[in-house]
Amino acid sequence: ADNQCCSQTYLDRFVMTGDSAMMRPTMENIRGQMAETKLGYWTWIDAIQMAMPVYALMYKITGDKAYIDHAMDMYRWSRNECGGGLFNEADGLWWRDADYVPPYKEKDGKQCYWSRGNGWVLAALVRTMDQMKPRGKVYKELKKDFTAMCDALAKCQREDGFWNVSLVSPATYGGKETSGTALFLYGISWGLRKGYLKESQFRPVADKAWKAIATEALHRDGFLGYVQGTGKDPSAGQPVTYDKVPDFEDFGVGCFLLGATEYYKLLGDD
(Lines give C-alpha, C1' and ligand atoms only; values in the text may rest on other atoms or scores of the structure.)
Protein backbone atom coordinates (compact mmCIF):
# COMPACT_ATOMS: atom_id res chain seq x y z
CA ALA A 1 0.00 0.00 0.00
CA ASP A 2 2.87 2.41 0.70
CA ASN A 3 3.99 2.07 -2.90
CA GLN A 4 0.48 2.09 -4.38
CA CYS A 5 -0.72 5.35 -2.81
CA CYS A 6 0.91 7.54 -5.47
CA SER A 7 -1.07 5.65 -8.13
CA GLN A 8 -4.13 7.71 -7.18
CA THR A 9 -2.39 10.74 -8.69
CA TYR A 10 -1.19 8.90 -11.79
CA LEU A 11 -4.64 7.49 -12.47
CA ASP A 12 -6.18 10.92 -12.09
CA ARG A 13 -3.67 12.12 -14.68
CA PHE A 14 -4.68 9.30 -17.00
CA VAL A 15 -8.34 10.31 -16.70
CA MET A 16 -7.40 13.88 -17.60
CA THR A 17 -4.94 13.18 -20.41
CA GLY A 18 -5.60 9.67 -21.72
CA ASP A 19 -1.85 8.96 -21.52
CA SER A 20 -1.62 5.20 -20.98
CA ALA A 21 1.88 5.59 -19.51
CA MET A 22 0.17 7.06 -16.45
CA MET A 23 -1.79 3.86 -15.89
CA ARG A 24 0.38 0.97 -17.12
CA PRO A 25 2.69 0.49 -14.07
CA THR A 26 -0.26 0.63 -11.70
CA MET A 27 -2.18 -1.94 -13.68
CA GLU A 28 0.82 -4.29 -13.73
CA ASN A 29 1.35 -3.90 -10.00
CA ILE A 30 -2.16 -4.50 -8.77
CA ARG A 31 -2.92 -7.21 -11.32
CA GLY A 32 0.09 -9.03 -9.88
CA GLN A 33 -1.30 -8.58 -6.39
CA MET A 34 -4.72 -9.79 -7.47
CA ALA A 35 -3.15 -12.96 -8.91
CA GLU A 36 -2.07 -14.00 -5.43
CA THR A 37 -4.36 -15.76 -2.97
CA LYS A 38 -3.26 -13.58 -0.06
CA LEU A 39 -5.77 -10.99 1.15
CA GLY A 40 -4.03 -9.76 4.30
CA TYR A 41 -2.07 -6.84 2.91
CA TRP A 42 -3.88 -4.04 4.73
CA THR A 43 -2.82 -4.88 8.25
CA TRP A 44 -2.95 -1.23 9.35
CA ILE A 45 -5.87 1.08 8.66
CA ASP A 46 -3.80 3.78 6.93
CA ALA A 47 -3.28 1.25 4.12
CA ILE A 48 -6.98 1.29 3.28
CA GLN A 49 -6.69 4.91 2.19
CA MET A 50 -3.40 4.31 0.40
CA ALA A 51 -4.61 1.46 -1.79
CA MET A 52 -8.38 1.02 -1.87
CA PRO A 53 -9.10 4.14 -3.99
CA VAL A 54 -6.56 2.87 -6.53
CA TYR A 55 -8.58 -0.30 -7.08
CA ALA A 56 -11.75 1.78 -7.32
CA LEU A 57 -10.19 4.05 -9.94
CA MET A 58 -9.04 1.05 -11.95
CA TYR A 59 -12.57 -0.32 -11.81
CA LYS A 60 -14.01 2.97 -13.03
CA ILE A 61 -11.46 3.32 -15.83
CA THR A 62 -11.61 -0.26 -17.13
CA GLY A 63 -15.09 -1.38 -16.13
CA ASP A 64 -13.52 -4.62 -14.87
CA LYS A 65 -15.37 -5.55 -11.68
CA ALA A 66 -12.50 -7.81 -10.60
CA TYR A 67 -10.67 -4.73 -9.31
CA ILE A 68 -13.32 -3.60 -6.87
CA ASP A 69 -14.19 -7.19 -5.91
CA HIS A 70 -10.59 -7.81 -4.88
CA ALA A 71 -10.41 -4.49 -3.02
CA MET A 72 -13.56 -5.37 -1.10
CA ASP A 73 -12.19 -8.79 -0.20
CA MET A 74 -9.12 -7.08 1.28
CA TYR A 75 -11.22 -4.42 2.98
CA ARG A 76 -13.44 -7.04 4.60
CA TRP A 77 -10.36 -8.94 5.76
CA SER A 78 -9.03 -5.83 7.51
CA ARG A 79 -12.45 -4.93 8.85
CA ASN A 80 -13.55 -8.34 10.08
CA GLU A 81 -10.54 -10.63 10.43
CA CYS A 82 -7.26 -8.80 11.06
CA GLY A 83 -6.64 -9.07 14.79
CA GLY A 84 -10.21 -10.28 15.17
CA GLY A 85 -11.46 -7.31 13.13
CA LEU A 86 -10.16 -3.73 13.18
CA PHE A 87 -13.58 -2.09 12.94
CA ASN A 88 -15.52 -1.98 16.18
CA GLU A 89 -19.13 -1.87 15.03
CA ALA A 90 -20.31 -1.13 18.57
CA ASP A 91 -18.36 2.15 18.65
CA GLY A 92 -18.25 2.90 14.92
CA LEU A 93 -14.48 3.43 15.06
CA TRP A 94 -11.32 1.58 13.98
CA TRP A 95 -8.33 0.25 15.86
CA ARG A 96 -5.14 1.14 14.05
CA ASP A 97 -3.84 -2.44 13.76
CA ALA A 98 -3.86 -5.74 15.62
CA ASP A 99 -1.64 -4.31 18.38
CA TYR A 100 -4.46 -2.05 19.58
CA VAL A 101 -7.48 -4.35 19.66
CA PRO A 102 -8.75 -5.48 23.10
CA PRO A 103 -7.44 -6.21 25.61
CA TYR A 104 -5.22 -3.20 24.75
CA LYS A 105 -6.46 -0.03 26.44
CA GLU A 106 -5.23 3.51 26.97
CA LYS A 107 -3.95 4.31 30.47
CA ASP A 108 -7.38 5.56 31.51
CA GLY A 109 -8.94 2.21 30.54
CA LYS A 110 -10.56 3.49 27.34
CA GLN A 111 -10.18 2.19 23.81
CA CYS A 112 -7.30 3.46 21.68
CA TYR A 113 -8.80 5.00 18.56
CA TRP A 114 -6.21 7.07 16.71
CA SER A 115 -7.61 10.24 15.18
CA ARG A 116 -5.65 10.39 11.93
CA GLY A 117 -5.95 6.64 11.39
CA ASN A 118 -9.72 6.86 11.52
CA GLY A 119 -9.50 9.90 9.27
CA TRP A 120 -7.64 7.85 6.67
CA VAL A 121 -10.41 5.26 6.64
CA LEU A 122 -13.14 7.88 6.32
CA ALA A 123 -11.26 9.45 3.40
CA ALA A 124 -10.80 6.03 1.78
CA LEU A 125 -14.53 5.37 1.93
CA VAL A 126 -15.28 8.73 0.31
CA ARG A 127 -12.66 8.38 -2.41
CA THR A 128 -13.78 4.83 -3.20
CA MET A 129 -17.50 5.60 -3.28
CA ASP A 130 -16.78 8.60 -5.51
CA GLN A 131 -15.75 6.18 -8.26
CA MET A 132 -18.81 3.98 -8.01
CA LYS A 133 -22.51 3.96 -8.80
CA PRO A 134 -24.61 4.65 -5.68
CA ARG A 135 -27.09 1.86 -6.37
CA GLY A 136 -24.54 -0.94 -6.25
CA LYS A 137 -24.18 -3.40 -3.37
CA VAL A 138 -20.57 -2.44 -2.69
CA TYR A 139 -21.44 1.24 -2.50
CA LYS A 140 -24.21 0.54 -0.03
CA GLU A 141 -21.88 -1.61 2.08
CA LEU A 142 -19.29 1.16 2.27
CA LYS A 143 -21.93 3.82 2.86
CA LYS A 144 -23.13 1.91 5.92
CA ASP A 145 -19.65 2.01 7.44
CA PHE A 146 -19.27 5.64 6.43
CA THR A 147 -22.43 6.77 8.19
CA ALA A 148 -21.61 4.67 11.26
CA MET A 149 -18.24 6.38 11.49
CA CYS A 150 -19.74 9.85 11.07
CA ASP A 151 -22.25 9.16 13.84
CA ALA A 152 -19.42 8.08 16.13
CA LEU A 153 -17.20 11.03 15.23
CA ALA A 154 -19.94 13.57 15.86
CA LYS A 155 -20.23 12.24 19.39
CA CYS A 156 -16.56 12.66 20.24
CA GLN A 157 -15.83 16.04 18.64
CA ARG A 158 -14.34 18.51 21.09
CA GLU A 159 -16.27 21.64 22.03
CA ASP A 160 -13.66 23.77 20.22
CA GLY A 161 -14.27 21.89 16.95
CA PHE A 162 -11.11 19.76 16.88
CA TRP A 163 -10.87 16.06 17.64
CA ASN A 164 -8.46 14.67 20.20
CA VAL A 165 -5.40 12.73 19.08
CA SER A 166 -6.88 9.77 20.96
CA LEU A 167 -10.53 10.10 20.01
CA VAL A 168 -12.25 8.85 23.15
CA SER A 169 -9.39 9.15 25.64
CA PRO A 170 -8.65 12.85 26.20
CA ALA A 171 -7.16 12.14 29.60
CA THR A 172 -4.40 10.06 27.99
CA TYR A 173 -3.58 11.80 24.71
CA GLY A 174 -6.06 14.60 24.30
CA GLY A 175 -5.49 17.95 22.69
CA LYS A 176 -6.16 19.58 19.35
CA GLU A 177 -4.99 17.76 16.22
CA THR A 178 -5.35 19.15 12.71
CA SER A 179 -4.76 16.25 10.31
CA GLY A 180 -7.47 14.02 11.76
CA THR A 181 -9.83 16.97 12.14
CA ALA A 182 -9.30 17.95 8.50
CA LEU A 183 -10.02 14.41 7.29
CA PHE A 184 -13.21 14.29 9.34
CA LEU A 185 -14.19 17.67 7.89
CA TYR A 186 -13.59 16.22 4.43
CA GLY A 187 -15.75 13.16 4.99
CA ILE A 188 -18.57 14.91 6.83
CA SER A 189 -18.75 17.74 4.29
CA TRP A 190 -18.95 15.16 1.50
CA GLY A 191 -21.68 13.27 3.35
CA LEU A 192 -23.68 16.47 3.82
CA ARG A 193 -23.35 17.34 0.14
CA LYS A 194 -24.57 13.85 -0.81
CA GLY A 195 -27.53 14.08 1.56
CA TYR A 196 -26.35 11.07 3.58
CA LEU A 197 -26.01 13.03 6.83
CA LYS A 198 -28.68 15.07 8.58
CA GLU A 199 -28.11 18.78 8.09
CA SER A 200 -29.32 19.68 11.56
CA GLN A 201 -26.93 17.23 13.22
CA PHE A 202 -23.82 17.36 11.06
CA ARG A 203 -23.64 20.85 9.61
CA PRO A 204 -22.66 22.29 13.01
CA VAL A 205 -19.97 19.59 13.24
CA ALA A 206 -18.47 20.67 9.91
CA ASP A 207 -18.77 24.37 10.69
CA LYS A 208 -17.05 23.97 14.04
CA ALA A 209 -14.27 21.86 12.51
CA TRP A 210 -13.52 24.41 9.80
CA LYS A 211 -13.60 27.32 12.25
CA ALA A 212 -11.18 25.49 14.53
CA ILE A 213 -8.69 24.79 11.76
CA ALA A 214 -8.96 28.21 10.12
CA THR A 215 -8.78 30.29 13.27
CA GLU A 216 -6.65 28.20 15.63
CA ALA A 217 -4.36 25.99 13.51
CA LEU A 218 -3.62 28.04 10.39
CA HIS A 219 -0.77 30.52 10.82
CA ARG A 220 -0.61 33.79 8.88
CA ASP A 221 2.24 32.43 6.74
CA GLY A 222 0.33 29.23 5.89
CA PHE A 223 2.04 26.95 8.40
CA LEU A 224 -0.33 24.51 10.07
CA GLY A 225 -0.24 24.06 13.80
CA TYR A 226 -1.40 21.09 15.84
CA VAL A 227 -0.27 18.55 13.20
CA GLN A 228 0.87 15.28 14.73
CA GLY A 229 4.07 13.94 13.21
CA THR A 230 4.64 10.46 11.85
CA GLY A 231 3.66 7.52 13.99
CA LYS A 232 1.04 4.87 14.43
CA ASP A 233 -0.85 5.82 17.55
CA PRO A 234 -1.85 8.80 19.72
CA SER A 235 1.42 8.74 21.66
CA ALA A 236 3.58 9.54 18.62
CA GLY A 237 4.98 13.02 18.11
CA GLN A 238 3.83 14.36 21.43
CA PRO A 239 3.37 17.07 22.42
CA VAL A 240 1.28 18.32 19.49
CA THR A 241 1.27 22.12 19.68
CA TYR A 242 0.51 25.27 17.70
CA ASP A 243 4.15 26.05 16.91
CA LYS A 244 5.82 22.62 16.80
CA VAL A 245 7.12 21.56 13.39
CA PRO A 246 6.29 17.86 12.89
CA ASP A 247 8.95 15.53 11.56
CA PHE A 248 6.92 15.15 8.36
CA GLU A 249 4.11 17.54 7.61
CA ASP A 250 3.07 16.86 4.00
CA PHE A 251 0.12 14.72 5.06
CA GLY A 252 -1.08 17.58 7.27
CA VAL A 253 -1.17 19.91 4.29
CA GLY A 254 -2.87 17.27 2.13
CA CYS A 255 -5.53 16.59 4.73
CA PHE A 256 -6.11 20.33 5.12
CA LEU A 257 -6.59 20.77 1.37
CA LEU A 258 -9.02 17.85 1.17
CA GLY A 259 -11.10 19.18 4.05
CA ALA A 260 -10.98 22.79 2.92
CA THR A 261 -11.98 22.12 -0.69
CA GLU A 262 -14.88 19.83 0.26
CA TYR A 263 -16.12 22.33 2.85
CA TYR A 264 -15.84 25.09 0.21
CA LYS A 265 -18.07 23.00 -2.07
CA LEU A 266 -20.52 22.59 0.79
CA LEU A 267 -20.67 26.36 1.23
CA GLY A 268 -21.27 26.70 -2.50
CA ASP A 269 -24.27 24.40 -2.24
CA ASP A 270 -25.98 26.71 0.27
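The values are calculated or read from the model by the stated rules, or taken from the named source; none is laboratory data. As the structure is a computational prediction, the values presented were derived from the model and not from experiment. Backbone-built Cβ (ideal geometry, glycine too); neighbour counts: all protein chains shown. The area values use the complete protein model at the heavy-atom level, side chains included, leaving out ligands, DNA and RNA. Shrake-Rupley method; radii C 1.70, N 1.55, O 1.52, S 1.80 Å.
From the list Gly222, Gly231, which residue is surrounded by 16 or more Cβ atoms within 10 Å (Cβ to Cβ), free of Cβ contacts under 8 Å to residues at least 24 places away in the same chain and small (Gly, Ala, Ser)?
Gly231
Report, by residue number, each residue of the range 16-36 that is surrounded by 14 or more Cβ atoms within 10 Å (Cβ to Cβ), among the hydrophobic types (A, V, I, L, M, F, W, C) and under 21 Å from Met74 (Cα atoms).
First, pick out the residues of the range 16-36 that are surrounded by 14 or more Cβ atoms within 10 Å (Cβ to Cβ): 22-23, 26-27, 29-31, 33-34.
From what's left, among the hydrophobic types (A, V, I, L, M, F, W, C): 22-23, 27, 30, 34.
Met27, Ile30, Met34 - these are the residues of the range 16-36 that are surrounded by 14 or more Cβ atoms within 10 Å (Cβ to Cβ), among the hydrophobic types (A, V, I, L, M, F, W, C) and under 21 Å from Met74 (Cα atoms).
Scan the range 37-71 residue by residue and report those that are within 23 Å of the chain's Cα centre (by Cα), of a type in the set (Val, Ile, Thr) and open to solvent by 40 Å² or more (accessible area, probe 1.4 Å).
Residues of the range 37-71 within 23 Å of the chain's Cα centre (by Cα): 39-61, 67-71.
Still in the running and of a type in the set (Val, Ile, Thr): 43, 45, 48, 54, 61, 68.
Result: Thr43, Ile61.
Does Pro103 satisfy the condition of being part of a loop (DSSP other than H, G, I, E, B) and within 27 Å of Ser166 (Cβ to Cβ)?
In short, yes.
Restricting attention to the range 23-57, and to residues there that are among the acidic types (Asp, Glu) and part of a helix (DSSP H, G or I), which single residue is nearest to Ser7 (Cα to Cα)?
Of everything passing the filter in the range 23-57, Glu28 is nearest to Ser7 (Cα to Cα).
When you look at Gly109, is it in contact (Cβ under 8 Å) with a residue 24 or more places away in the chain, of a type in the set (Gly, Ala, Ser) and either open to solvent by less than 60 Å² (accessible area, probe 1.4 Å) or assigned to a helix (DSSP H, G or I) (or both), yes or no? Walk me through it before giving the result.
Values: in contact (Cβ under 8 Å) with a residue 24 or more places away in the chain: no; of a type in the set (Gly, Ala, Ser): yes; either open to solvent by less than 60 Å² (accessible area, probe 1.4 Å) or assigned to a helix (DSSP H, G or I) (or both): yes.
Answer is no for this residue.
So which residues in the range 1-14 are in a helix (DSSP H, G or I) and either exposed (fewer than 15 other Cβ atoms within 10 Å of the Cβ) or among the polar types (S, T, N, Q) (or both), if there are any at all?
Hits for the range 1-14 are Ser7, Gln8, Thr9, Asp12, Arg13.
Take the range 244-270 and flag every residue that is of a type in the set (Val, Ile, Thr) and either in a loop (DSSP other than H, G, I, E, B) or exposed (fewer than 15 other Cβ atoms within 10 Å of the Cβ) (or both).
Val245, Thr261
Specify which of the listed residues (Asp207, Asp151, Asp160, Asp130) is closer than 23 Å to Val245 by Cβ and either over 14 Å from the mean Cα position of the chain (by Cα) or open to solvent by 10 Å² or more (accessible area, probe 1.4 Å) (or both).
From the options Asp207, Asp151, Asp160, Asp130, the qualifying one is Asp160.
Does any residue in the range 251-270 that is touching a residue at least 24 places away in the same chain (Cβ under 8 Å) and within 13 Å of Ala206 (Cα to Cα) come within less than 6 Å, Cβ to Cβ, of a residue that is in a helix (DSSP H, G or I) and open to solvent by 60 Å² or more (accessible area, probe 1.4 Å) six or more places away or on a different chain, and which pairs are these?
If the second residue must be in a helix (DSSP H, G or I) and open to solvent by 60 Å² or more (accessible area, probe 1.4 Å), the pairs left are Tyr263/Trp210; Leu266/Arg193.
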